[in-house]
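Q: The structure follows.
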Amino acid sequence: MRIMIMGAGGVGGYFGAKLVKSGCEVNFVARGAHLAAIRQSGLRVESQLGDIYLPEVRASDDPSAFGSPDYIFLSVKLWDTEAAVRAMTKIIAPHTAVLSFQNGVQNNDLLRKMFGEKAVMGGVAYIGAGIARPGVIRHTGTIQRLVFGEFDGGRSERAAALLEACTRAGIDAEISADVRRAIWEKFVFIVGLSALTSATRKTIGPVRANERTRALLLEIMRETVAVGRAHGVNLPEDYADKRLAFVDSLPAEMTSSMHNDLEAGKRLELDWLSGGVVELGEAVNVPTPMNLAVSAILALYANSGEAAQSRWATR
């Protein structure tokens, strides 16, 4: 099995390293100091579940250096999706399956438009991980889960083969019979978490403890659920309330990658999270005033550092 990791940051770097250890041929596409460190010293993963060190890694900034893979894991920042997709066109073969393990929902529409319906599988990643320093991925907590499947709900041979590879690698993985719903379930949560932690510059603990910020978090998630349902996604009407109960179970110090990017002066995924909810809501005449407000509040920071950042910035 040949797997290409398009964006070897926290998500791609962690799961890619696990798959290498289990015997898969994994090629990493990265850039900048992270790529230089991987080439020079290998790839390291620091994790409570066990550290991983890969002294020799197949890594490049050019996807075509490795030929056509069986699977492509797309894990770049949402604002870098189009550039990554253009680079991927060189190596897509008829048998290649493309899976986005990004935060948004509109990215899958772009993938299907570029590569066709049959090439694209749905994917969801649950993990707290990031680049601690060039060449090193730090996994926080113990959650490391992949959910994937065909958009038509069928259980395909390629999904079963990938599940077997993930299981062999010690990755908590499952095939979803409704992967579109699975993607939106995460989207509801990540939109709310990103919006409130970024707008308040606080972790989730203070946000959920304050009556007014808690109410805003719930309303943002409710708007996202309403938009998803209007687009035909099989989400329960009270799904946002259930997600709020889940939020109460999280560590108080938990935050979002968008909040981290804001604090670091990096470009934000805002236009594809709360901004994406607004755009998708307009398409089906569902009002999204709270997401619109967050988009406006953070608009001045959305493109921070854009000129200085290389393409294929990784999650």
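The values are calculated or read from the model by the stated rules, or taken from the named source; none is laboratory data. Bear in mind the structure is a predicted one, so any value in this text is a computation, not a measurement. No Cβ is skipped: glycine too gets one built from the backbone with ideal geometry, and neighbour counts run over all protein chains shown.
Q: Being crowded, with 16+ Cβ neighbours inside 10 Å, closer than 27 Å to R138 by Cβ and among the β-branched types (V, I, T) is the requirement here; does T224 meet it? Before you say what the answer is, go through the steps one by one.
A: Values: crowded, with 16+ Cβ neighbours inside 10 Å: yes; closer than 27 Å to R138 by Cβ: no; among the β-branched types (V, I, T): yes.
Judged against the criteria, T224 is not a match.
Q: Can you tell me how many residues within the stretch 173-199 are buried (at least 24 other Cβ atoms within 10 Å of the Cβ) and among the basic types (K, R)?
A: 0
Q: Let me ask something additional. I'm checking my understanding of the structure. Among residues of the stretch 224-258 that are without any contact (Cβ under 8 Å) to a residue 12 or more places away in the chain and part of a helix (DSSP H, G or I), which one is farthest from R181 (Cα to Cα)?
A: The qualifying residue farthest from R181 (Cα to Cα) is A245.
Q: Exactly one of these conditions fails for D261: (1) closer than 16 Å to G192 by Cβ; (2) in a helix (DSSP H, G or I). Give me its number.
A: It is condition (1) that D261 fails.
Q: Among the residues of the stretch 1-31, write down those that are small (G, A, S), part of a loop (DSSP other than H, G, I, E, B) and farther than 14 Å from V76 by Cβ.
A: S22, G23
Q: Oh, and also: Restricting to the stretch 36-53, what's the tally of residues that are in contact with a Pro (Cβ under 9 Å, 6 or more places away or on another chain) and either free of Cβ contacts under 8 Å to residues at least 60 places away in the same chain or in a strand (DSSP E or B) (or both)?
A: 1
Q: Identify the single condition in (1) part of a helix (DSSP H, G or I); (2) in contact with a helix residue (DSSP H, G or I) (Cβ under 8 Å, 6 or more places away or on another chain) that K186 does not satisfy, given that it satisfies every other one.
A: It fails just one condition, (2).
Q: How many of the residues in the stretch 81-120 are hydrophobic (A, V, I, L, M, F, W, C) and loosely packed, with under 15 Cβ neighbours inside 10 Å?
A: Let us first name the residues in the stretch 81-120 that are hydrophobic (A, V, I, L, M, F, W, C), namely 83-85, 87-88, 91-93, 97-99, 101, 105, 110-111, 114-115, 119-120.
Subsequent filtering for residues that are loosely packed, with under 15 Cβ neighbours inside 10 Å retains 83, 93.
Total meeting the criteria: 2.
Q: For the stretch 75-177, which fully contained strands (runs of 3 or more DSSP E) count at least 3 residues that are in contact (Cβ under 8 Å) with a residue 12 or more places away in the chain and under 29 Å from K266 (Cα atoms)? Full working, then the answer.
A: Values: elements: 97-100, 120-133, 136-149, 172-175.
In the stretch 75-177, the matching strands (runs of 3 or more DSSP E) lie at 97-100, 120-133, 136-149.
Q: Is it the case, given these coordinates, that T314 is surrounded by 17 or more Cβ atoms within 10 Å (Cβ to Cβ), of a type in the set (S, T, N, Q) and at pLDDT 95 or above?
A: The answer is no for T314.
Q: When you scan the stretch 62-80, how many residues do you find that are surrounded by 16 or more Cβ atoms within 10 Å (Cβ to Cβ) and among the acidic types (D, E)? Let's see the steps before the verdict.
A: Residues of the stretch 62-80 that are surrounded by 16 or more Cβ atoms within 10 Å (Cβ to Cβ), as a first pass: 63, 66, 68-80.
Now narrow it down to the ones that are among the acidic types (D, E): 70, 80.
The qualifying residues number 2.
Q: If you don't mind, another one. Please count how many residues of the stretch 264-281 are in a helix (DSSP H, G or I) and of a type outside the set (A, V, I, L, M, F, W, C).
A: Matching residues across the stretch 264-281 total 6.
Q: Is at least one residue of the stretch 204-219 part of a loop (DSSP other than H, G, I, E, B), without any contact (Cβ under 8 Å) to a residue 60 or more places away in the chain and either of a type in the set (D, E) or touching a helix residue (DSSP H, G or I) at 6+ places or on another chain (Cβ under 9 Å) (or both)?
A: Checked against the condition, which is being part of a loop (DSSP other than H, G, I, E, B), without any contact (Cβ under 8 Å) to a residue 60 or more places away in the chain and either of a type in the set (D, E) or touching a helix residue (DSSP H, G or I) at 6+ places or on another chain (Cβ under 9 Å) (or both), the stretch 204-219 yields at least one hit.
Q: Right, something else. Restricting the search to the stretch 21-54, which residues are farther than 21 Å from A84 by Cβ and either surrounded by 22 or more Cβ atoms within 10 Å (Cβ to Cβ) or touching a Ser or Thr at 6+ places or on another chain (Cβ under 8 Å) (or both)?
A: Hits for the stretch 21-54 are V45, Q48, L49.
Q: Let me ask you something else. Go through the stretch 236-245 and report how many residues are surrounded by 20 or more Cβ atoms within 10 Å (Cβ to Cβ) and over 12 Å from V191 (Cα atoms).
A: Residues flagged as surrounded by 20 or more Cβ atoms within 10 Å (Cβ to Cβ) and over 12 Å from V191 (Cα atoms) within the stretch 236-245 amount to 1.
Q: Now for a different question. Quick check on the stretch 280-290. Is at least one of its residues crowded, with 18+ Cβ neighbours inside 10 Å, under 27 Å from T140 (Cα atoms) and touching a helix residue (DSSP H, G or I) at 6+ places or on another chain (Cβ under 9 Å)?
A: The answer is no; no qualifying residue exists.
Q: Mind telling me which of the residues A125, A169, A161, A209 ends up being surrounded by fewer than 17 Cβ atoms within 10 Å (Cβ to Cβ), of a type in the set (A, V, I, L, M, F, W, C) and in the same structural domain as H34 (by TED's automatic domain parsing)?
A: A161 is the lone residue from the list that is surrounded by fewer than 17 Cβ atoms within 10 Å (Cβ to Cβ), of a type in the set (A, V, I, L, M, F, W, C) and in the same structural domain as H34 (by TED's automatic domain parsing).
Q: Let me ask something additional. Of all residues in the stretch 265-279 being more than 23 Å from A215 (Cα to Cα) and free of Cβ contacts under 8 Å to residues at least 60 places away in the same chain, which is surrounded by the most Cβ atoms within 10 Å (Cβ to Cβ)?
A: Looking at the filtered set, the residue picked out is K266.
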